[in-house]
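The values are calculated or read from the model by the stated rules, or taken from the named source; none is laboratory data. For clarity, every value in this text was computed on a predicted model and none was experimentally measured. We place every Cβ from the backbone using ideal geometry, glycine too, and count neighbours over all the protein chains shown. Remember, those area values only see protein heavy atoms, side chains included, never the ligands or the DNA or RNA. Shrake-Rupley method; radii C 1.70, N 1.55, O 1.52, S 1.80 Å.
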Amino acid sequence: MKTLFIFILTISTMSSFAQKKDSLISAFGTNFKLYKNLNTNTFEVHKNDEKVIFKNLKTAVRLNGFLQVLDEKNSMFYINENGAKVKEANLITEVCGTVPNYTYKILRKNNTFIVTELVGYDGEENVAPKEIESISAEGIDKINFPNGTKKVTFDANESMFYATEIFLNAVLINKGKKQGVLYNNTVRYFDAVTYANGILKVQTNNKVGYYNITKVKYKDVEPFVNGLAKFTTTNNKTGYIDANGNEYYD
């Protein structure tokens, strides 16, 4: 009986250790699974739950048909659904047929700019927009959406083309020598704001960053390539940042 108890205890301990060591993130491609090794805080790709074909990955970004990864040397590459390492990812994005459409407008009422939102589906009628944000017009020289106008329209499929949060309906403001961003009822001012590929690059005191993604502390940040972007710090260290602002140094 004592031997049986020790055996059961041993099996339980081994099972607990296995659970603590690896955490399944998702199934991927043909018989592949992405795990996070909780002991090393790195990622692994397993085939048939047995063979480890990639390990010690600093990060793994799930894309449509690919994983975008950084290895232990901070080299970026892709893994396709057949488990092969490739340099580029030819992404094919499937969109949904029936999704909501969004229309945002900037209107002026007396000395206030109002942002309205209309959410609806094709064929709907009599859908009224609602006011979602406002800001005093005092001192504002220019105000518009990133498309350069006071109206922007897109549907829910738009976000599927990006691996980062996008800001199609952020309100850009020129106020004296400052440029601001009004988003989710919060306005923040910077020395410069540049819009490209759905995201906003901001600058303050000769330091740059990505709005709502990173701190404004870098010497330079390059455009995102899918879910990763290169950065250079003020002391010339380099690496990658992901869509959550996590840093991976070279």
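Coupling constants for segment 214-221 follow from the phi torsions by the Karplus curve (6.51 cos²θ - 1.76 cosθ + 1.60, θ = phi - 60°), and in residue order they are 10, 6, 8, 9, 9, 6, 7, 10 Hz; glycine and proline get x. Helix 2-21 versus the longest principal axis of the chain: what angle, 0 to 90°, nearest 10, using Cα atoms? With rounding to tens, the tilt is 30 degrees.
Excluding ligands, DNA and RNA, the accessible surface per residue across the chain is 61 Å² with a 1.4 Å probe. Shown here for segment 101-163: GluC sites (Glu not before Pro) in loop regions (DSSP other than H, G, I, E, B) with at most 16 other Cβ atoms within 10 Å, namely Glu124, Glu125, Glu138. Which FRET efficiency, nearest 0.05, do Val225 and Asn157 yield, Cβ-Cβ r, R0 22 Å? That pair, Val225 with Asn157, gives E of 0.55. Shown for the chain: the carbon plus sulfur share of the solvent-accessible area, taken with all protein chains present and a 1.4 angstrom probe, equals 48%.
For segment 99-116, the Karplus equation 6.51 cos²θ - 1.76 cosθ + 1.60, evaluated at θ = phi - 60°, returns couplings of 9, x, 9, 10, 10, 10, 9, 9, 10, 10, 10, 6, 9, 9, 8, 10, 9, 10 Hz by residue, with Gly and Pro reported as x. Counting every C-alpha pair in segment 135-188, the share spaced more than 18 angstrom apart comes to 38%.
Would you calculate a helix-derived [θ] at 222 nm for the chain, using -39,500 (n - 2.57) for each DSSP H run of n ≥ 4 and dividing by the full residue count, to the nearest 500?
Details: 1 runs with 20 residues, N = 250.
That calculation yields -3000 deg cm²/dmol at 222 nm.
Computed on the chain, with alpha-carbon pairs under 8 angstrom and 6+ residues apart, the relative contact order is 9 percent.
Determine the dipole magnitude for segment 108-207: charges of +1 sit on the beta-carbon of Lys and Arg, -1 on that of Asp and Glu, nothing else is charged, the reference point is the Cα centre, and the result goes in debye to the nearest 20.
On the way: 12 positive and 12 negative charges, 151 e Å.
Its charge dipole is roughly 720 debye.
For a straight C-alpha distance cut-off of 24 angstrom, the lysines reachable from Lys178 (same-chain residues fewer than eight places away being disregarded) are Lys105, Lys109, Lys142, Lys150, Lys151, Lys201, Lys207, Lys215, Lys217, Lys219. In the set (i) 1, 6, 15, 19, 21, 18, 12, 6, 2, 0; (ii) 1, 7, 13, 16, 17, 14, 10, 8, 6, 4, 3, 1, 1, 0, 0; (iii) 1, 5, 10, 12, 13, 12, 11, 10, 8, 6, 4, 2, 2, 1, 1, 0, 0, 0, which value of P(r) over Cα pairs in 5 Å bins from 0, in percent was calculated from the structure you see? Checking each listed value against the structure points to (iii). Here's how it looks for Asp155: its modeled amide H is under 5 Å from those of Tyr102, which are all 5 or more places away or on a different chain. Which one, Gly83, Gly198, Gly29, has the greatest fluctuation when you compute a Gaussian network model over the chain with C-alpha springs under 10 angstrom? Largest GNM mean-square fluctuation: Gly29.
Apply the a/c threshold of 1.5 to the C-alpha gyration tensor of segment 39-168 and tell me whether it is rounded, prolate or oblate. Could you put the intermediate results ahead of the total?
On the way: a/c = 3.69, a/b = 2.25, b/c = 1.63.
It is prolate, given that a/c is not under 1.5 and a/b is the larger ratio.
Relative to its residue count, segment 111-167 spans a Cα convex hull of 112 Å³ per residue. Between segment 123-180 and segment 186-250, what is the C-alpha centre distance in whole Å? One Cα centre to the other: 21 Å.
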